[in-house]
1. Which one of the conditions (1) touching a helix residue (DSSP H, G or I) at 6+ places or on another chain (Cβ under 7 Å); (2) more than 25 Å from residue 253 (Cβ to Cβ); (3) of a type outside the set (Lys, Arg) does residue 171 fail to meet, given that it meets all the rest?
2. Within region 202-217, how many residues turn out to be surrounded by fewer than 21 Cβ atoms within 10 Å (Cβ to Cβ) and closer than 15 Å to residue 278 by Cα?
3. Being more than 23 Å from residue 259 (Cα to Cα), polar (S, T, N, Q), crowded, with 20+ Cβ neighbours inside 10 Å and within 18 Å of the chain's Cα centre (by Cα) is the requirement here; does residue 165 meet it?
4. Could you tell me which of the residues 131, 123 is surrounded by fewer than 23 Cβ atoms within 10 Å (Cβ to Cβ) and over 19 Å from the mean Cα position of the chain (by Cα)?
5. If we scan region 236-254, do we find a residue that is at pLDDT below 95, among the charged types (D, E, K, R), more than 16 Å from residue 162 (Cα to Cα) and in contact with a Phe, Trp or Tyr (Cβ under 9 Å, 6 or more places away or on another chain)?
6. Go through (1) over 21 Å from residue 147 (Cα atoms); (2) surrounded by fewer than 21 Cβ atoms within 10 Å (Cβ to Cβ) and name the single condition residue 259 misses.
7. Those residues that are surrounded by 23 or more Cβ atoms within 10 Å (Cβ to Cβ) and in contact with a Gly (Cβ under 9 Å, 6 or more places away or on another chain), I need them from region 96-119; list them, please.
8. List the residue pairs whose Cβ atoms are under 9 Å apart, where the first residue sits in region 90-109 and is at pLDDT below 95, the second is part of a strand (DSSP E or B) and among the hydrophobic types (A, V, I, L, M, F, W, C), and the two are 6 or more positions apart or on different chains.
Amino acid sequence: MRNRLLAFALATGIGLMAAAPADAATPSRIAVHFDLAKGQQPENIAVAPDGTAYVTFAAARQVAAISPKGTIRILATLPAPAEGGAAVPALGFALTTGVVRTDDGTLYFLYASGDPATTGLYRLRPGYEPRRIAALPATGLPNGLAYDETAKTFYLTDSALGTISAVPLKGGDVKVWSSAPELAAAGFLGANGIKVRHGAIWATNLDRGTLLRIPITRGRPGPVQVKATGLAGIDDIAFAGVRDDQVIATLNAPNKVVRIDAKGRAATLLTDGLQNPTSVAVRGRTVYVLSAAYLTATDPNLTISTLPRR
């Protein structure tokens, strides 16, 4: 994977050096160091009310729980694809990606394996083994995952196919919700991070460096709104506060986390300890950031910081 991402970084001119911190960059601390040799490259995060962080370890094909004290507990490991099977598009290896935790403690996560028998959306109840509840195209790369509590519906991005799909909470039928051109890849990976917010889908496009908002109109997608551009390497997003004018975004290859305002302007928020940040979660004023070290190959980790007051 590192070679593929390296080629992408060079092709897009992102570069591999960490960006110089802005004056307003917020200090952060590394709460947990992960084991690169074990494939512990964290891809996505969901944080419980007690501060437990649920993460997917992409290359290890795992889902793990990280306690507030930093203890790592592996909850599930997905089966490796059969030898000689089809490779996952763009990346070439099987990986666990987006993860969501519902209020009852159940985890839902995505697995991209290149195999029709295992690629899909999984449910993991406490004390049980993971179960696939919806099959997804093996020719795609299911990546970001979000849950709409009101509609009891999951929305997920496919970075290879350039789509957003919808899946009922109970699983089963998968419907392509949007295949708007703004979601398409432009050489590597398209639609990536995703959140449901105030009656709309918010998504990122890594190749195009854009932040998108798509209104949900009677269950269907409205016109795509480009809320911000010029965000090279944008991956995941989270919201801080009750309004939509504080979007926190990870920029993978540039090695920083930014805050995006209502006018689409990005200001550097975090740089300390980051090693190709992939995912972000916000609880109150606490910001959790995962770094997978896909390019740096050094110190994948979880950093924690406090969001400054505006």
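The values are calculated or read from the model by the stated rules, or taken from the named source; none is laboratory data. The structure presented is a predicted model; accordingly, all values stated were derived computationally and were not measured. Note that each Cβ is placed from the backbone with ideal geometry, even for glycine, and that neighbours are counted across all protein chains shown.
1. Only one criterion is unmet by residue 171, namely (1).
2. 1
3. yes
4. From the options 131, 123, the qualifying one is 131.
5. Yes, region 236-254 has at least one match.
6. Every condition holds for residue 259 apart from (2).
7. Hits for region 96-119 are 97, 98, 108, 109, 110, 111, 112, 113, 119.
8. Pairs that qualify, where the first residue is at pLDDT below 95 and the partner is part of a strand (DSSP E or B) and among the hydrophobic types (A, V, I, L, M, F, W, C), are 91/112.
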